[in-house]
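This report concerns only the one structure given below.
None of the figures in this text is laboratory data; all of them are computed from the coordinates on show. Quick caveat: nothing in here was measured; it's all calculated off a predicted structure. Neighbour counts run over all protein chains shown; Cβ positions are idealised from the backbone, glycine included.
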Amino acid sequence: MAELTNCPKCDSLFVKNQFRDVCEKCFKEEEKAFETVYQFIRKRENRTATMSQVEEATGVEEELILKFVKNGRLKLTQFPNLGYPCDKCGKVIQKGKLCNPCTEELRKQLDLLNQQEERENAIKKREKQATYFTVDEKFRRHQ
């Protein structure tokens, strides 16, 4: 759904939609920057360039290059030394949101939480089974 908002780059008013998060003027500037970056890394000798080398050679900010990568405009399979930071630790990665060590750490924490919940459920179940009910003999006779 479109909404009226200010451009995060130039602060001008524009209609934000699912395809653009900047105004028309800034979008055109981003497109020029994309072409510059793409033309640079498309050359065979530049395909193994790192993020800092691309930034230095093209003059395009790393943040914008990362935006191109995250939006899928630059395919990391074609450019092995480009990547973006892990959401947790900042290590450069090429897929997902977390690097492998952070993913494993999160998985271990989830496993521990699941084990703890299972233990708590088992304890509750045992407590329920250990509860004894008695029947009042007077109540039984009146039925």
Spin-label pair Ala57/Glu45, simplified geometry with 7 Å Cα→Cβ offset, distance in nm: 0.9 nm
Once both labels are modelled 7 Å past Cα along the beta-carbon direction, what's the Asn100-Lys125 spacing in nm? 3.6 nm
Take the chain, mark every one of the chymotrypsin sites (Phe, Trp or Tyr not before Pro) that falls in a DSSP loop and has at most 10 other Cβ within 10 Å, then report the longest stretch left between them, sites excluded. 20-131
For an R0 of 41 angstrom, estimate the FRET efficiency from the Cβ-Cβ distance between Asn81 and Gln109 and round to the nearest 0.05. 0.85
Principal axis lengths of the chain from Cα atoms, whole Å, largest first? 93, 39, 20
Once you sort the root eigenvalues of the Cα gyration tensor of the stretch 44-102 as a ≥ b ≥ c, which label holds: rounded (a/c under 1.5), prolate (a/b larger than b/c) or oblate (the other case)? prolate
